[in-house]
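Below: one structure, written as structure tokens.
All of the numbers you see were taken from the coordinates with simple rules; none came from a lab. Note that the structure is a prediction, hence the values are computed from the model and not measured. Quick reminder, even Gly has a Cβ in these numbers, built from the backbone with ideal geometry, and neighbours come from all protein chains shown.
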Amino acid sequence: MDQEFRREIAAELAQFKKDGVYKTFNHLESPQASRITMRGRGEVIILSSNNYLGLCDAPDVVAAGKKALDTYGAGTGSVRFICGTFAIHEALEKALAAFVGTEAATTYVSCWTANTGLMATFFDERDVVVSDELNHASIIDGIRISKAARRLYKHSDMKELETHLAQTASLRRRFVITDGIFSMEGDICKLPDLVELCRKYNAILTVDDSHATGVLGKTGRGTAEHFGLVGQVDIVTSTLGKALGGAAGGFTAASREVVDYLEQRSRPLLFSNALPPTVAGSALAALEHLQAHPERVTKLRENARYFRGRLKEIGFKPIEGETPIIPVLVGETASAIQMSQELLKEGVFVTGFGYPVVPQGKARIRCQISAGHTREELDTVLAAMAKVGKRMRLI
Ligand SMILES: Cc1ncc(COP(=O)(O)O)c(C=O)c1O
């Protein structure tokens, strides 16, 4: 390998370390659950996981993955349209469409690919994509790949969104895309306004419900259910890698024509292997589990409400909201990293986020609550946070 290239990369990595933004991986030695075994650390309570419903290690979800492995083998050996479509894909997609409330759905290996495979398929130089400035990186990359004009609106600023829609009214297609729950803030998009504006300006609305599937709405159907607007969102993208078993995979749910067109033209579906059958099997079991046990969604909501309330009583000021993503601002990046490390010493694993993932001065630790947490575990975490918060003079 070219030595100069190696030296340049090594210098940049050294700078990451100097700036305190170098990421080290924690190695887990047990399934994802409310308590995990971390190599070199032992058992810790985890508040960093997207395992919102606690289904990663649910026996029926694990068993379904094993059964799919036995039935279909380890891999698809192909993309969907050649010979990579298995019966389990069809069953999962039907179930996902019924769950979200659309005519059809198609699966991808991740929501990342669902998003990057969406915009370039439908929008080109004749069109505009209008996007919330805090949308997920996969949406940003999806917009980059598309040849459509780009407009960003300030986070949840519906006035600015309307201005963009009004100014682009002469274009062929207007496409509005938003996260359902924003991953770093934990707030919910203003779906009623988005639906109204998209109707007014004849725009196509997509909601990425990755953090909202299984989380929002009485039965976990997502942002649309939360607002009583099921059927009003044109396209829903989401992940199977968070609440729905947490393995991997994503999907796009929409009208039959949109899904059919994606299967004909969306490049990740045409040129990349299909979702492994084991993952499809586990995701389908997770979906069935959720529908049989909506009380998991209720428990998640109660846990989040309890934790948020108690955090405030202790003296922290989490970003206001009603979702299981509860960010606690601590200021500088170094403080977020320090707090995360101090909490780990107390047996609590919560990740700190700093610049450039979040703006300068708005570093935070992001607590993510699960239905799998017991009250006792949450109380243990709160006691650790109080101890560390006082030590660091944050409360
Ligand atoms: C809003 C949003 N969209 C997409 C993704 C990507 O999901 P996946 O892990 O399935 O690629 C994430 C994951 O962090 C996300 O938060």
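See the values below:
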item: In order through segment 118-129: 3J(HN,Hα) via Karplus (6.51 cos²θ - 1.76 cosθ + 1.60), integer Hz, x for Gly, Pro; result: 9, 5, 5, 6, 10, 10, 9, 4, 7, 10, 9, 10
item: For peptides 338-347, 360-369, sequence by mean Cβ density within 10 Å, most packed first; result: 360-369, 338-347
item: Aspartates and glutamates whose Cα lies under 16 Å from that of LYS67, excluding same-chain neighbours fewer than 8 positions away; result: ASP57, GLU288
item: For segment 1-61: Kirkwood Rh in Å [reciprocal of mean 1/r, alpha carbons]; result: 14.6 Å
item: Amide H within-cut-off set for HIS136, under 5 Å, with H built and near neighbours excluded; result: ASP179
item: For peptides 7-15, 186-194, sequence by mean Cβ density within 10 Å, most packed first; result: 186-194, 7-15
item: Cα long-axis angle, helix 158-167 against the chain (0 to 90 degrees, to the nearest 10); result: 30 degrees
item: Structure-based [θ]222 nm, the chain - -39500 (n - 2.57) summed over DSSP H runs of at least 4, per residue, nearest 500; result: -13000 deg cm²/dmol
item: J(HN,Hα) series, segment 103-111, from Karplus relation 6.51 cos²θ - 1.76 cosθ + 1.60, nearest Hz, glycine and proline x; result: 6, 8, 8, 9, 9, 10, 6, 6, 6
item: Separation of alpha-carbon centers, segment 229-283 and segment 45-71, rounded to whole Å; result: 19 Å
item: Amide hydrogen neighbours beyond the local backbone of ALA212, cut-off 5 Å, H modeled; result: ILE181
item: Whole-number D in µm² s⁻¹ for segment 94-146, Kirkwood Cα-pair radius fed into Stokes-Einstein, 10 °C, 1.306 mPa s; result: 129 µm²/s
item: Pairs beyond 26 Å (Cα-Cα), from LYS159/LYS312; LYS17/LYS345; LYS23/LYS218; LYS23/LYS159; LYS159/LYS299; LYS218/LYS390; result: LYS159/LYS312; LYS23/LYS218; LYS23/LYS159; LYS159/LYS299; LYS218/LYS390
item: In order through segment 47-57: 3J(HN,Hα) via Karplus (6.51 cos²θ - 1.76 cosθ + 1.60), integer Hz, x for Gly, Pro; result: 10, 10, 9, 8, 6, 4, 9, x, 9, 4, 10
item: Cα long-axis angle, helix 277-292 against the chain (0 to 90 degrees, to the nearest 10); result: 80 degrees
item: Share of pairwise Cα separations in the chain, more than 34 Å, in percent; result: 32 percent
item: Sequence-distant lysines (8 or more away, or on other chains) whose Cα lies within less than 26 Å of LYS66; result: LYS94, LYS242
item: Built amide H within the under 5 Å cut-off of CYS367, gap 5+; result: ILE326, VAL328
item: Within-12-Å neighbourhood charge of ASN50 [Cβ basis; K, R +1; D, E -1]; result: +2
item: With Cα atoms, 0 to 90° folded angle of helix 256-265 axis to the chain main axis; result: 90 degrees
item: Flagged links, alpha-carbon separation over 18 Å, of LYS317/LYS387; LYS154/LYS190; LYS147/LYS200; result: LYS147/LYS200
